[in-house]
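In what follows, a structure is listed as structure tokens, so that the remarks can point back to it.
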Amino acid sequence: MPGPYQQAPGPYQQPQAPGTYAQAPGAYAQAPGAYAQAPGAYPPAPGPYAQPGAAQYAPAAAPGPYQQAPVPGPYQQPQAQAQPYGGGMPVGGAMQACQLCGAGPAAQVTVRGHQGMLIIMRSLRRRGTMCRPCALATFREMQANTMVQGWWGPMSVVITPITLLINLGALSTIRRIPEPVVAGHRPPLNPGKSVFKRPQGILGLVPLCLVLGVVLLAVIGMAAG
């Protein structure tokens, strides 16, 4: 049944002549099988990653033309061998050099001194890395000067004997230092004579004996009382 908006054939509708632009059947029809791919023309070759019943996605990679085998050449460096920890180093680390003359071996040494000046006093100290001759020369000089200059004060009478005893510990450290085996940039200090063969050491025996005598009498008095 025709609807209300169905257009009726009007007066200006031109009928098309039958067959004017009619396309002949099969004019551009493609012949069956013209571009059809022959079955089995490019069958996928079975590779190492082929799975049965599935498409092949990872074919075996053929060795490329730029693949080079490692050939030992004249510039090939040999593989470095592992060195043990601390190899080539002397026991205890590298040899230390003296700060005064540059000879070695050397060790850390601390020598103390004291000066009493009636009302005030002054404590001295020399500390550094020294070889055996330089350390021994420093000890003898500081010890001899303390025996002469260290008594002139009320507190210095007590501090000076303590300083002399502390230096005896430094002397034991100095005696453990070996003799220099490596020359330095200058000659080492001359140790000179021992403390009690110097004028300062001889003069220092007088107040030292007095102090020791007073201490001894005090101890005897306390024991007798």
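The values are calculated or read from the model by the stated rules, or taken from the named source; none is laboratory data. Since the model is a prediction, treat every value here as computed from it, not as a measurement. Cβ placement follows ideal geometry from the backbone for every residue including glycine, while neighbour counts extend to all protein chains displayed. Keep in mind that these areas ignore ligands, DNA and RNA; they rest on the heavy atoms of the full protein, side chains included. Shrake-Rupley method; radii C 1.70, N 1.55, O 1.52, S 1.80 Å.
The Cβ shell under 13 Å around Pro180 holds other residues with a net charge of +1, Lys and Arg each +1, Asp and Glu each -1.
Val215 to Ala183: FRET efficiency via 1/(1 + (r/R0)^6), r the Cβ-Cβ distance, R0 45 Å, to the nearest 0.05? For Val215 and Ala183, the calculated efficiency is 0.45. Spacing of the modelled spin labels on Leu165 and Lys197, each 7 Å from Cα toward Cβ, amounts to 2.8 nm. Taking the 1.4 Å solvent-accessible surface of segment 120-225 as the whole, the part contributed by carbon and sulfur is 69%.
For Met95, the solvent-accessible surface with a 1.4 Å probe is about 110 Å², rounded to the nearest 10.
Volume per residue of the convex hull around the Cα atoms, evaluated for segment 154-205, comes out as 118 Å³. The loop-placed trypsin sites (Lys or Arg not before Pro) in segment 149-225, going by DSSP, that have at most 12 neighbouring Cβ atoms within 10 Å of their Cβ come out as Arg176, Lys193.
Using a 1.4 Å probe, what is the accessible area per residue for segment 132-220, in Å²? Before the final figure, lay out the partial values.
Numbers: 5320 Å² over 89 residues.
Here the residues of segment 132-220 average 60 Å² of exposed surface.
Cα centroid separation, segment 152-186 to segment 205-225: 25 Å.
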